[in-house]
1. In the range 125-148, how many are in a helix (DSSP H, G or I) and in contact (Cβ under 8 Å) with a residue 40 or more places away in the chain?
2. Can you tell me which residue is nearest to LEU15 (Cα to Cα) among those in the range 63-111 that are assigned to a loop (DSSP other than H, G, I, E, B) and at pLDDT 85 or above?
3. If you go through the range 85-101 one residue at a time, how many are small (Gly, Ala, Ser) and open to solvent by 10 Å² or more (accessible area, probe 1.4 Å)?
4. Give the residues of the range 200-222 that are open to solvent by less than 10 Å² (accessible area, probe 1.4 Å) and either among the small types (Gly, Ala, Ser) or closer than 20 Å to SER161 by Cα (or both), sorted by residue number.
5. Take the conditions in a helix (DSSP H, G or I), open to solvent by 50 Å² or more (accessible area, probe 1.4 Å) and under 28 Å from ARG111 (Cα atoms) and apply them to THR262. Does it pass?
6. Identify the residue in the range 228-242 that is within 16 Å of SER194 (Cβ to Cβ) and not aliphatic (A, V, I, L, M) and, among all such residues, is least open to solvent (accessible area, probe 1.4 Å).
7. Taking the conditions exactly as written (open to solvent by 50 Å² or more (accessible area, probe 1.4 Å), over 30 Å from SER11 (Cβ atoms), at pLDDT below 85 and not assigned by the TED database to the domain that holds THR246), does LEU115 satisfy them or not?
8. Considering only the range 119-143, how many residues are modelled with pLDDT under 85 and over 30 Å from LEU299 (Cβ atoms)?
Amino acid sequence: METNESDMGFSKDNLKGFILALLSSGFIGASFIIKKKGLRKAATASGLRAGYGGYAYLLEPLWWLGLITMIVGEIANFTAYAFAPAVLVTPLGALSIIVSAVLAHFILKERLHNLGVLGCVMCIAGSIIIVIHAPQEHPIISVMEVWIMATQPAFLLYVGSVIVLVFILVFHFAPRCGHSNVLVFTGICSLMGSLSVMSVKALGTALKLTFEGKNQLIYPETWFFMLVVASCVIIQMNYLNKALDTFNTAVVSPIYYVMFTTLTILASVIMFKDWDGQSGGSIISEICGFIVVLSGSILLHTTREFERSSSFRGSLIPASPSLSTQLCGGNGELSKHDEENVAPSEEFCLRRQELY
């Protein structure tokens, strides 16, 4: 019976994790839009954007509402990791992109092209494939077991590599091209996110065992994982705010999702050995599902970029830069000069977000 459940990848725990992941995606997707509205409102009131060191958004109620929405989503996500493997839970974050895209279409007036709808469908289809072939986790009886996994040489090498890359991005690349290259801020978020998910899963497992009567709070390792979670989340939140305020939501959301999901799955496979015991067919199906989700995310992004470029064709404002331009752009001084001479309509405000 256990073997069949594992082969199907849809045990009771996986089902709980799946439902919690869906709820999480809904709340987190909405939080992107609410927070961005708050960031815009705060920037208008103070004149200093979060992407350039401003913290006026801390006094903006709308931003706090977005933060609370994100916290609710993260709590659901946190709980999902306690029941299901990261290989199942993390890719379902693509659904938050769909929520974000739909809400951005109606609230931020960022148009969703018909092909963008196809991208949404691809994300959903890929997620279904992943859910069907998701692995069943091996039972964990103590947080010490997780600690042994976290201190194995392969995972320690991954952690060391992440820390070195984050330091390079923060101290070398962020001051030089953080406001012209979308990969800098999102890269920092994604790298730290992969570590936070591993710690969240460890902490969630410890709390789950504690609620089941096996107290794990007596182990210092549990509190260490809690400290890592708090540290990583603070760093993620800071640089996610910078990314959202500097670049358009349609740019940040899919790129952040692709990088974060890829790194998290890699970290989970190294630490928790998610694919051990799975057949080659199941692993290939999961990878294919993941590729479909990534393709849908990219299609959703690129069609929205094309729609914005087309809508401004023939106007006095230059066409929207392509994704390659955003990834490899210059310092954006000309764009900032143009910003001062553009009428403050909603469409033009969206335009300025991209031209930084």
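1. Start the filter on the range 125-148 by keeping residues that are in a helix (DSSP H, G or I), which leaves 125-132, 143-148.
Still in the list and also in contact (Cβ under 8 Å) with a residue 40 or more places away in the chain: 125-132, 143-144, 146-147.
Residues flagged as in a helix (DSSP H, G or I) and in contact (Cβ under 8 Å) with a residue 40 or more places away in the chain within the range 125-148 amount to 12.
2. Narrowing the range 63-111 to residues assigned to a loop (DSSP other than H, G, I, E, B): 84-85, 107-111.
Filter once more, keeping what is at pLDDT 85 or above: 84-85.
Numbers: ALA84: 8, PRO85: 11 Å.
The qualifying residue nearest to LEU15 (Cα to Cα) is ALA84.
3. Residues of the range 85-101 that are small (Gly, Ala, Ser), as a first pass: 86, 93-94, 96, 100-101.
Cutting the leftovers down to open to solvent by 10 Å² or more (accessible area, probe 1.4 Å) gives us 93, 96.
Residues flagged as small (Gly, Ala, Ser) and open to solvent by 10 Å² or more (accessible area, probe 1.4 Å) within the range 85-101 amount to 2.
4. Within the range 200-222, ALA202, GLY204, ALA206 meet the criteria.
5. Details: in a helix (DSSP H, G or I): yes; open to solvent by 50 Å² or more (accessible area, probe 1.4 Å): yes; under 28 Å from ARG111 (Cα atoms): yes.
In short, yes.
6. For the range 228-242, the residue satisfying everything is CYS232.
7. Values: open to solvent by 50 Å² or more (accessible area, probe 1.4 Å): yes; over 30 Å from SER11 (Cβ atoms): yes; at pLDDT below 85: yes; not assigned by the TED database to the domain that holds THR246: yes.
Yes: the conditions hold for LEU115.
8. Of the residues in the range 119-143, 4 are modelled with pLDDT under 85 and over 30 Å from LEU299 (Cβ atoms).
The values are calculated or read from the model by the stated rules, or taken from the named source; none is laboratory data. Predicted model only: the values in this text are computed from it and were never measured. Here Cβ is always computed from backbone atoms with ideal geometry, including for glycine, and neighbour counts include all displayed protein chains. Side chains included, ligands, DNA and RNA excluded: accessible areas come from the protein's heavy atoms. Shrake-Rupley method; radii C 1.70, N 1.55, O 1.52, S 1.80 Å.
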